[in-house]
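Below you'll find the structure, written out as structure tokens, and then a few comments.
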């Protein structure tokens, strides 16, 4: 209902560009009719048009579908119907997550023309909420990489410095959010692929507990580690998206009913304030922030501040930890003896083994590219995979095949599985003493495009990441400072299914 | 350093075609990664059970029954195959 006051607030919002809005603010603007979803969506599409030539975050943009969805939400709003938080808010989805009728390449030539025949569960959930999906974002081929340089199509650039990588493998999603080309995005994380790009691009990135979010429709890399999660501008937004995508799904037998605090979800959904078209303020933690944090025991693992780490990154991370201390949290030094280089070594056995099995399906027969020249069935396999799969993907398939082959299985695969147990034991021990764990995300800020030529040096940039995946824990990266113009990330690790706690801690940190 | 023959053997097992130059490259790269992984030998795992999955779940079974799927989905799935005939995926002959 147009009233005099609205015009004023419209002007105020226009000064803050529409593309800068968070989910919470965009929702508020939509229900208050300060702008329409069509206006919002158009301004994002225009921005992508203008900016993405330089940043290259998107592999596919779907303006027709996005505008149609926006129109649908505007119709609901004009009928004064109640709309969910994500309704009409533009977002982006990593291109290894299926969206029906839209190309899904996983950043690989072998799936260059593959059209997804159905929706991933997370996409279905976003659609049910009325989300406006703008397009599919770039990634390292099959999510294998830490910089998005391994995309078979083009590298994505870091919006803070175009000569640098956005991190990977969800680099397109993080860059799109950081450059205001989407309000939020979905990524996937097998060994840091949400948290590293979130850190390099200065956004929030949540890797949920293994099993918290359905993997149905996510193109599989390592099935015992993969998780889908949000990349957002604020912790509050990460919470909103996580609450929508989390939950048991019959189509993913490893998904569970998360023990995520249900009341928090219910109060928000049923809030009378929403019905009254006013977004409930998410500040209900802030006034109790100090009292909450005083009971918080934070563990800082000594192994996570290593030689060769960028001094300025270390300073920023330590400064972040000191902020918690200043607010009254108890900081305790802990030990995760297998959390860094042993975890990385185990990861680079276990992941390639799962990859070599999962990627056997790209055989030139079922879907994707098939080699034109092949005299028999064997050549169909050999040539299709040679032509269609990039060097890093083939390297990992080879490594996994080697580790699983006769004579090597025990020395590599079985041993790595046992080290995985030790990593879980480390965390269990630590979590008997502390509530959450804080670590750096990456030992260095975003590096230059082309800087890491040797595959092993690229692997080492995930040194603080992989233990969380091997143990199936939730981990969140949030911005904690800058080195020059390059953002630095702080990682919060929680106990399984305690996303609510790490989100609360993150919300408190943003206000410190 | 793993041998040229080993790389060729793994490539064949993995059904990946490699050029001569790539065989050399993979020899070098795989060796350096395997060297890094050697450090796992330093961990005492003599009394440790292996973990294959982060959650303690047993196999989740369902009846092996065909699911009713919409014809258009079935059509789309078949059409995703590079080579088809009369609603089937076509493969080069397996047996000579």
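Counted as qualifying within segment A:304-409 are the helices (runs of 4 or more DSSP H) with 1 or more residues that are facing chain B (nearest Cβ under 8 Å), namely A:341-358, A:377-388, A:391-404.
Residue-by-condition table, conditions (1) modelled with pLDDT under 95; (2) outside any helix (DSSP H, G or I); (3) closer than 30 Å to residue A:163 by Cα:
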{"position": "A:5", "(1), (2), (3)": "yes, no, no"}
{"position": "A:11", "(1), (2), (3)": "yes, no, no"}
{"position": "A:26", "(1), (2), (3)": "no, no, no"}
{"position": "A:38", "(1), (2), (3)": "no, no, no"}
{"position": "A:41", "(1), (2), (3)": "no, no, yes"}
{"position": "A:68", "(1), (2), (3)": "no, no, no"}
{"position": "A:72", "(1), (2), (3)": "no, no, no"}
{"position": "A:99", "(1), (2), (3)": "no, yes, no"}
{"position": "A:107", "(1), (2), (3)": "no, yes, yes"}
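Listed by position, the helices (runs of 4 or more DSSP H) inside chain B whose residues that are closer than 15 Å to residue A:403 by Cβ and either under 23 Å from the mean Cα position of the chain (by Cα) or at the interface with another protein chain (Cβ under 9 Å from one of its Cβ atoms) (or both) number at least 3 are B:4-13, B:20-37.
Remark: pairs (first residue in segment A:417-428, free of Cβ contacts under 8 Å to residues at least 60 places away in the same chain; second residue buried (at least 19 other Cβ atoms within 10 Å of the Cβ) and assigned to a helix (DSSP H, G or I); Cβ separation under 7 Å; 6+ apart in sequence or on different chains) = A:424/A:471.
In a residue-by-residue description of segment A:430-448, the property of being away from chain B (no Cβ under 11 Å), surrounded by fewer than 24 Cβ atoms within 10 Å (Cβ to Cβ), without any contact (Cβ under 8 Å) to a residue 24 or more places away in the chain and in a helix (DSSP H, G or I) applies to at least one position.
Looking at residue A:423, is it out of contact with any strand residue (DSSP E or B) (no Cβ under 6 Å at 6 or more places or on another chain), at pLDDT 95 or above and more than 8 Å from chain B (Cβ to nearest Cβ)? Quick ask: steps written out before the conclusion?
Details: out of contact with any strand residue (DSSP E or B) (no Cβ under 6 Å at 6 or more places or on another chain): yes; at pLDDT 95 or above: yes; more than 8 Å from chain B (Cβ to nearest Cβ): yes.
Yes, satisfied.
Considering segment A:452-468 alone, what residues qualify as being out of contact with any helix residue (DSSP H, G or I) (no Cβ under 7 Å at 6 or more places or on another chain) and modelled with pLDDT of 95 or more? Across segment A:452-468, the qualifying residue is only A:468. Within the option set A:188, A:193, being closer than 18 Å to residue A:461 by Cβ, within 9 Å of the chain's Cα centre (by Cα) and not in a strand (DSSP E or B) holds for one residue only, A:193. Among the residues making up segment A:473-493, those that are surrounded by fewer than 23 Cβ atoms within 10 Å (Cβ to Cβ) and either assigned to a loop (DSSP other than H, G, I, E, B) or within 11 Å of chain B (Cβ to nearest Cβ) (or both) are A:484, A:485.
Which residues, taken from segment A:136-192, are on the phi > 0 side of the Ramachandran plot and surrounded by 24 or more Cβ atoms within 10 Å (Cβ to Cβ)? Residues satisfying the conditions are A:142, A:143, A:145, A:148, A:167, A:192. Taking the criterion of being at negative phi and under 22 Å from the mean Cα position of the chain (by Cα), the residues of segment A:55-83 that qualify are A:55, A:57, A:58, A:59, A:60, A:61, A:62, A:66. The number of residues in segment A:109-122 that are in a loop (DSSP other than H, G, I, E, B) and within 20 Å of residue A:252 (Cβ to Cβ) comes to 5.
Here is the figure for segment A:32-44: residues that are buried (at least 21 other Cβ atoms within 10 Å of the Cβ) and either in contact (Cβ under 8 Å) with a residue 40 or more places away in the chain or outside the structural domain of residue A:127 (by TED's automatic domain parsing) (or both) total 4. Of the residues A:166, A:155, which single one is more than 16 Å from the chain's Cα centre (by Cα) and assigned by TED's automatic domain parsing to the domain that holds residue A:85? Among A:166, A:155, only A:155 is more than 16 Å from the chain's Cα centre (by Cα) and assigned by TED's automatic domain parsing to the domain that holds residue A:85.
The values are calculated or read from the model by the stated rules, or taken from the named source; none is laboratory data. As the structure is a prediction and not an experimental result, all values here were calculated from the model. When we count neighbours, we look across all protein chains shown, and the Cβ atoms used for this are built from the backbone with ideal geometry, even at glycine.
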